[in-house]
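Each remark here refers to the structure printed beneath this line.
The values are calculated or read from the model by the stated rules, or taken from the named source; none is laboratory data. Every value quoted in this text rests on a predicted model; they were computed, and no experiment measured them. So basically every Cβ, Gly included, is an ideal-geometry build from the backbone, and we count neighbours across all protein chains shown. Protein only, heavy atoms only, side chains kept; ligands, DNA and RNA dropped before computing areas. Shrake-Rupley method; radii C 1.70, N 1.55, O 1.52, S 1.80 Å.
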Amino acid sequence: QVQLVESGGGLVQAGGSLRLSCAASGRTFVIYDMGWFRQAPGKEREFVARISRSGGSTSYADSVKGRFTISRDNAKNTGYLQMNSLKPEDTAVYYCNAENRELGLSSWGQGTQVTVSS
């Protein structure tokens with residue numbers, strides 16, 4: 001139904017910044033909320049941030065509040081995660097998610113690696 005492709009990951013020193021992008025294709029009109037999750041080595045996948053369809057409502061994990069900003073451009077079918085003041089504990093594979101609860105839609109990208117050196 002919906003395909004997602006993440007990009008923008010890489011290697012950065014502690015205190016640096018990265019911007020992740022999530023490009024959606026397919027039935028993009030059905031997407032409501034979009035979000036980001038991450039999975040660090042040896043740990044469970046965890047919630048990072050979520051944004052409503054209009055962009056008017058956002059939520060963040062406590063661990064990233066004040067440092068990360070989620071946004072979206074529906075005209076471009078793209079979501080973003082701006083990550084500032086990165087810490088080594090932010091190292092993980094970051095996954096984009098798109099949902100429509102009415103249709104039972106939940107799509108995931110393949111992930112992009114973010115590595116923060118100390």
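Say whether the condition of being of a type in the set (A, V, I, L, M), within 19 Å of Gln1 (Cβ to Cβ) and in contact with a helix residue (DSSP H, G or I) (Cβ under 9 Å, 6 or more places away or on another chain) is met by at least one residue in the range 105-114.
yes
Select from the range 41-66 the residues that are among the basic types (Lys, Arg) and either surrounded by 10 or more Cβ atoms within 10 Å (Cβ to Cβ) or modelled with pLDDT under 95 (or both) and write down the one among them that is nearest to the chain's Cα centre (by Cα).
Going through the qualifying residues, I end up with Arg50.
From the list Gly15, Gly79, which residue is modelled with pLDDT of 95 or more, within 18 Å of Val114 (Cβ to Cβ), of a type outside the set (Phe, Trp, Tyr) and in a strand (DSSP E or B)?
Of the residues listed, the single one that is modelled with pLDDT of 95 or more, within 18 Å of Val114 (Cβ to Cβ), of a type outside the set (Phe, Trp, Tyr) and in a strand (DSSP E or B) is Gly79.
Anything in the range 96-118 that is among the acidic types (Asp, Glu) and not in a loop (DSSP other than H, G, I, E, B)? List them, or say none.
Glu99
Under the condition of being in a strand (DSSP E or B) and among the polar types (S, T, N, Q), which residue from the range 67-76 is least open to solvent (accessible area, probe 1.4 Å)?
Step by step, filter the range 67-76, then rank; the result is Ser71.
Does Arg38 qualify as being open to solvent by less than 20 Å² (accessible area, probe 1.4 Å), among the charged types (D, E, K, R) and in a strand (DSSP E or B)?
For Arg38, the condition - open to solvent by less than 20 Å² (accessible area, probe 1.4 Å), among the charged types (D, E, K, R) and in a strand (DSSP E or B) - is met.
Output the residues belonging to the range 90-118 that are of a type outside the set (D, E, K, R), crowded, with 18+ Cβ neighbours inside 10 Å, under 10 Å from Ile31 (Cα atoms) and over 12 Å from the mean Cα position of the chain (by Cα).
Correct list: Asn100, Ser107.
Taking the condition in a loop (DSSP other than H, G, I, E, B), among the aliphatic types (A, V, I, L, M) and at pLDDT 95 or above, does Val93 pass?
Taking the combined requirement at face value, the residue does not satisfy it.
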